[in-house]
Each structure stands twice: as structure tokens, then as C-alpha cells.
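Comments concern the structure below.
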Amino acid sequence: MGWPIPPPESWTADDVDRIPDLPKHTELLDGSLVFVSPQTRFHQTWDEPGDVFLTVEVVAGDTRDRDREVKPRKYAAAGVAHFWRVEQDGDKGLPVVYVYELDPATKAYALTRIFHDRLELTAPFEIDIDLTVIDRRPGS
């Protein structure tokens, strides 16, 4: 299969339905085709946006811009009240958790806290995780 050539005005959902032989895990994101690797069954679970209370995005190197900018904007527009972004600390290799809360007036996320060693919150629910004990070995 050759790569599909996008129309000048970007792809639409109707276009994607008509493209033959697209890889099984192709996504349409802001008018662009995104070819993603297969995910586990757990990762493919679908919920209505209004039913989602918290979204956690683990930033990967090849999806960094989408994970940091595009996806949070879409989650906020869908009304997801809480968003956490997890990245790896460059110095220690430990997780860093950025916690955001939706401002209902602007429909945009506001950063509320950044957690480096311990994720300890009471909202949106009570949680206490020691981030320094998370296994950092490849494949873990």
C-alpha cells in the first residue's frame, strides 16, 4: 500500500472510511492520520466523554506534542474535569505527575500541582503514591 495523500483541507472521518487498507489502529487527529501501534484490550476501552472523570496521559517520546497539547485540549473541550500528565524526569528517570483541573468558565485546564516524589491528593479523590518506588526497568 502506498501512503494516502491528504486533501488540501485535511482528512475527515468520511475520508478515512473510504481509504482502503489503512492499518487497523489508524486514528484521525486534527485532520491528520496517525498510525499507532496496537494496544492492549484495557487501553481500547470506550466511554462517553461525559462519563469520564479523570484522564491520565503517559507522555511518550514519539507522541510528546500530542500528549502535551492536542489531547488535553480535546479532553477539556469534552468536559473531562481532571487531567494528569505523567512524564519521566530526565535526571532520575522517575515519573513526574502534572495535575490539572478544568476551569468551567474557560473550558481549559489549569495546572494545580506538579508531583516529583509522591503523588498525594484529596481531589478528585484521595490518593497517595510513592513515585520513587515505581519500577523503571524496560518492559516494566
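A few remarks follow.
- FRET efficiency for residue 47 and residue 94, using Cβ-Cβ distance with R0 set to 30 Å, rounded to 0.05: 0.50
- Amide H to amide H, with H built 1.01 Å from N, residue 29 comes under 5 Å of 34, counting only residues 5 or more places away or on other chains.
- Shape category assigned to the stretch 46-133 from the gyration tensor of Cα positions, a/c cut at 1.5: oblate
- Phi-derived couplings, Karplus 6.51 cos²θ - 1.76 cosθ + 1.60 at θ = phi - 60°, listed residue by residue for the stretch 82-89: 10, 9, 10, 10, 10, 10, 9, 5 Hz, with x used for Gly and Pro.
- Each Lys or Arg adds one and each Asp or Glu subtracts one; over the other residues with Cβ under 13 Å from the Cβ of residue 30, this totals 0.
- Residues of the stretch 78-112 with amide N under 17 Å of a point placed 7 Å along Cα→Cβ from residue 134: 83-100, 112
- Annotation: amide H of residue 94 within the under-5 Å range of 89, sequence separation 5 or more or interchain, hydrogens built in the peptide plane.
- Charge sum, other residues only, whose C-beta stays under 11 Å from residue 130's C-beta, Lys/Arg counted +1 and Asp/Glu -1: -2
Quick note: the coordinates plus some simple rules give every number you see, no bench work behind them. Note that the structure is predicted; figures quoted are calculated from it, not measured. For neighbour counting, all protein chains shown are included, and Cβ atoms are generated from backbone atoms with ideal geometry for every residue, glycine included.
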